[in-house]
Amino acid sequence: MKSDLALHGGTPVRPRMLPYARQIVDEEDRNAVLEVLGSDWLTTGPAVERFEKALAETLGAPEVVVVSNGTAALHAAVHAAGIGPGDEVVVPALTFVASANAVVFAGGKPVFADVDSKSLSLDPESVKQRLTDRTKAIIAVDYAGQPCRYDELVPLAKSRGLTLIADACHALGGSHGGRKVGTLADLSTFSFHPAKHITTAEGGAISTADPEAARRMRRFRNHGIDSDLRSREAKGTFAYQMVDLGYNYRLSDLQCALGISQLKKLGAWVEKRRQLARLYDTALASMDFVEPVEQRLDESSYHLYIVQLRLDRLSVDRDVIHQALRAEGIGANVHYMPVHLHEYYRKNHGTRAGDCPVAEKAYPRLLSLPLFPGMQSSDVEDVVTALAKVGRAYRAP
Ligand SMILES: *Cc1c(COP(=O)(O)O)cnc(C)c1O
């Protein structure tokens with residue numbers, strides 16, 4: 001059976017690799033970008049405000065600030081929360097490094113909390129155990145697209161006077177308890193990287209109901225300066241004040257125009273992701289060596305379809321399964337190595353193995369299967385066929 005595997009010279013399920021994610025950019029998107037390219041404002045122009053308004057409407061959030069990427073969005077949110085040296089921020093261990101790095105950018109200390117073993121998203125009980133007198137904020141990451149347990153996190157943050165930041169980079173278009181992602185926390189951050197729900201090539205945003213936080217973040221993305229070029233032009237003045245230390249985290253008008261055009265498709269794309277996830281759910285139910293991470297079809301916007309392998313039923317580890325799937329033409333991926341196990345955090349923040357046992361136990365079992373709105377049901381069938389083939393060949397004796 002092993003000789004059937006493409007890894008050992010057999011015929012692959014697919015001759016060409018199915019990637020784990022891929023953007024859709026159509027003619028309307030291209031035209032929107034070209035139109036801005038011929039206009040007076042390539043950046044700090046009117047498309048920025050238009051994109052912010054369109055996002056605010058989609059999210060049902062009073063204020064949206066767009067920035068140059070999702071990492072900048074987290075940095076801006078941490079800045080708006082007033083995080084500085086000595087402050088602790090609770091962050092889940094199982095996330096992209098940027099969720100924790102943003103706290104370090106501001107001079108704060110990320111404190112890693114563990115995740116729930118079924119959904120692999122932030123466990124509110126673990127958050128409680130990490131709170132100290134120095135805790136100023138919680139960053140909740142909507143892992144894979146499933147919103148965290150905000151019904152528990154919101155009252156917890158309120159009772160301790162903490163800012164709740166949602167890293168919703170996986171969850172654009174999702175909801176929880178009938179409320180939209182983007183309105184569930186004090187500040188919610190988004191990414192428009194091509195692997196995410198909509199893309200501006202690179203891009204990010206923060207939503208909030210707090211107009212003062214929005215003002216702080218608009219300044220922060222423009223060097224901490226209290227006005228922008230277009231408003232000074234309109235007033236015929238050159239003078240400005242830099243009132244904070246900020247960065248150049250602006251999103252160009254080209255990117256905002258692409259974002260406006262992409263955003264129109266968000267609803268259909270989330271629906272398509274859910275349809276594909278349902279196909280996976282059904283097909284994988286009879287495969288005893290995979291356990292899909294718990295996500296709700298009515299809440300998650302399914303950025304990722306993640307399974308945990310039952311290693312006791314397999315004769316090889318996850319890395320071999322991953323390689324075997326890739327050889328079959330299935331671009332599986334892994335999200336993520338727990339952040340506290342990265343060399344940087346071990347060396348500079350004293351983190352170590354054992355800090356977050358649930359996340360650490362999950363990591364060697366994790367596999368993300370291809371999921372993007374351009375996929376067909378036949379692509380899901382290929383993934384399932386390849387997974388079954390590899391699982392059969394490497395069945396534990
Ligand atoms: C993508 C992502 C980010 C960072 O977004 P960029 O746009 O790549 O900077 C942050 N957090 C999570 C959970 C992400 O998935």
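Could you figure out which of (1) among the hydrophobic types (A, V, I, L, M, F, W, C); (2) within 11 Å of the ligand (Cβ to nearest atom); (3) without any contact (Cβ under 8 Å) to a residue 60 or more places away in the chain isn't true of I139?
(3)
Which condition number does D87 fail, the rest of (1) over 21 Å from T199 (Cα atoms); (2) within 16 Å of the ligand (Cβ to nearest atom); (3) surrounded by fewer than 23 Cβ atoms within 10 Å (Cβ to Cβ); (4) not β-branched (V, I, T) being met?
(2)
Kindly indicate whether any position in the stretch 390-397 is closer than 30 Å to T199 by Cα, basic (K, R) and at pLDDT 95 or above.
The answer is no, given that none of the residues of the stretch 390-397 is closer than 30 Å to T199 by Cα, basic (K, R) and at pLDDT 95 or above.
Does A201 satisfy the criteria of being within 13 Å of the ligand (Cβ to nearest atom) and surrounded by 22 or more Cβ atoms within 10 Å (Cβ to Cβ)?
In short, no.
Going by what's in this entry, would V48 be described as touching an Asp or Glu at 6+ places or on another chain (Cβ under 9 Å) and away from the ligand (no atom under 15 Å from the Cβ)?
Numbers: touching an Asp or Glu at 6+ places or on another chain (Cβ under 9 Å): yes; away from the ligand (no atom under 15 Å from the Cβ): yes.
Judged against the criteria, V48 is a match.
When you go through L74, L42, L55, L94 one by one, which is the residue that is within 16 Å of the ligand (Cβ to nearest atom) and assigned to a loop (DSSP other than H, G, I, E, B)? So that I can check it myself, show each step before the final result.
Details: L74 fails: assigned to a loop (DSSP other than H, G, I, E, B); L42 fails: within 16 Å of the ligand (Cβ to nearest atom); L55 fails: assigned to a loop (DSSP other than H, G, I, E, B).
That would be L94, the only listed residue that is within 16 Å of the ligand (Cβ to nearest atom) and assigned to a loop (DSSP other than H, G, I, E, B).
So how many residues does the stretch 105-129 have that are away from the ligand (no atom under 14 Å from the Cβ) and over 19 Å from D151 (Cα atoms)?
So the answer is 6.
Considering only residues that are surrounded by 16 or more Cβ atoms within 10 Å (Cβ to Cβ) and in a helix (DSSP H, G or I), which ones fall in the stretch 276-305?
Listed by number, the residues that qualify are L276, A277, L279, Y280, A283, L284.
Looking at I321, I330, I306 in this structure, which one is touching a residue at least 40 places away in the same chain (Cβ under 8 Å), over 22 Å from V115 (Cβ atoms) and among the β-branched types (V, I, T)?
I330
The values are calculated or read from the model by the stated rules, or taken from the named source; none is laboratory data. Because the structure is predicted, anything quoted here is derived from the model rather than measured. So basically every Cβ, Gly included, is an ideal-geometry build from the backbone, and we count neighbours across all protein chains shown.
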